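The values are calculated or read from the model by the stated rules, or taken from the named source; none is laboratory data. These numbers were taken from a predicted model, which means no experiment stands behind them. Cβ atoms come from the backbone with ideal geometry, glycine included; neighbour counts cover every protein chain shown.
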Amino acid sequence: MSDALPPTQDHAEATPPVQYDRMLVALHWLLAIGLMAQLGLGLWMDDLPKEPVGYRAQWFNLHKSIGICLGFLVLWRLGWRITHSVPAPMNPLGSWQDMVSKLTHRAMYLCMLLMPLSGFLGSNFSPYPVKFFGVVLPRLFEPDPDMKSLFSEVHEMSAGVFMTLVALHFAAVLWHRLVKRDGLLQRMTWGRAHHD
């Protein structure tokens, strides 16, 4: 039996979509808003006083709860991205722009996974319980200051790298929108993609 498909069917399956599907668009913007808010909250929490007792802990527990939710959203988005067709790259395959774009997106996914994972593991190595919107989660490890410090460093480093990548990503979007005017932004919206 031949593996060849009829030309029309083969062409239909090989042609990438014009824009991202609605689920990826929704996950993209939900994570964009959530992650930016979470990063802002994390930076703001660093200066919170430890008195009165419990005030700082409430904000840290909220940060952890949101982080767990975002972590699952990242896994959902990654799984959806892997199993669904996406538009072809805007830049010529093999060009330096194409390589930078791919490396940047992969690094962003890595950071989006590292931030919640390192935060969760670091919290499990602290002497304080991990609470998910007030519900105490089972402790995975015994308190260990060295491991807590290690994962805290990974958490902060991945957040710093991610913010840099977001700035680069935003600059690339502006370049495509204002200079190249190739309709890239429309591919990540609910409207109909088109070229300017």
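Condition check ((1) part of a helix (DSSP H, G or I); (2) under 23 Å from residue 82 (Cα atoms)) across all residues:
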| site | (1), (2) |
| --- | --- |
| 112 | yes, yes |
| 115 | yes, yes |
| 119 | yes, no |
| 126 | no, no |
| 140 | no, no |
| 159 | yes, no |
| 169 | yes, yes |
| 177 | yes, no |
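For first residues located in region 52-70 and over 10 Å from residue 42 (Cβ atoms), partners that are aromatic (Phe, Trp, Tyr) and assigned to a helix (DSSP H, G or I) and lie 6+ apart or on another chain with Cβ distances below 7 Å form the pairs 68/120.
Scanning region 153-162 for residues that are farther than 12 Å from residue 42 by Cα and either surrounded by 15 or more Cβ atoms within 10 Å (Cβ to Cβ) or among the aromatic types (Phe, Trp, Tyr) (or both) turns up 154, 158, 161, 162. Can we say residue 4 is exposed (fewer than 10 other Cβ atoms within 10 Å of the Cβ) and modelled with pLDDT under 95? Taking the combined requirement at face value, the residue satisfies it. Test residue 75 against the stated conditions and say whether it is modelled with pLDDT of 95 or more and either exposed (fewer than 14 other Cβ atoms within 10 Å of the Cβ) or in a loop (DSSP other than H, G, I, E, B) (or both). Yes; evaluated as a whole, the condition is true for this residue.
The single condition among (1) assigned to a loop (DSSP other than H, G, I, E, B); (2) within 21 Å of the chain's Cα centre (by Cα); (3) within 20 Å of residue 89 (Cβ to Cβ) that residue 182 does not satisfy is (2). The set of residues in region 97-121 being buried (at least 19 other Cβ atoms within 10 Å of the Cβ) and among the charged types (D, E, K, R) is empty. Contact map, region 133-154: first residue polar (S, T, N, Q), second residue assigned to a helix (DSSP H, G or I), Cβ cut-off under 9 Å, separation 6 or more or different chains; pairs are 149/122; 152/118; 152/119; 152/122. Check whether at least one residue in region 83-96 is closer than 20 Å to residue 25 by Cα, touching a Leu at 6+ places or on another chain (Cβ under 6 Å) and touching a residue at least 40 places away in the same chain (Cβ under 8 Å), and report yes or no. Checking region 83-96: at least one residue is closer than 20 Å to residue 25 by Cα, touching a Leu at 6+ places or on another chain (Cβ under 6 Å) and touching a residue at least 40 places away in the same chain (Cβ under 8 Å).
The selection criterion, being among the small types (Gly, Ala, Ser), out of contact with any strand residue (DSSP E or B) (no Cβ under 6 Å at 6 or more places or on another chain) and either surrounded by 14 or more Cβ atoms within 10 Å (Cβ to Cβ) or modelled with pLDDT of 85 or more (or both), does not hold for residue 94.
Would a scan of region 142-154 turn up a residue that is farther than 19 Å from residue 27 by Cα and of a type in the set (Lys, Arg)? Working first, answer last.
At the first step, the residues of region 142-154 found to be farther than 19 Å from residue 27 by Cα are 142-154.
Now narrow it down to the ones that are of a type in the set (Lys, Arg): 148.
Checked region 142-154: at least one residue is farther than 19 Å from residue 27 by Cα and of a type in the set (Lys, Arg).
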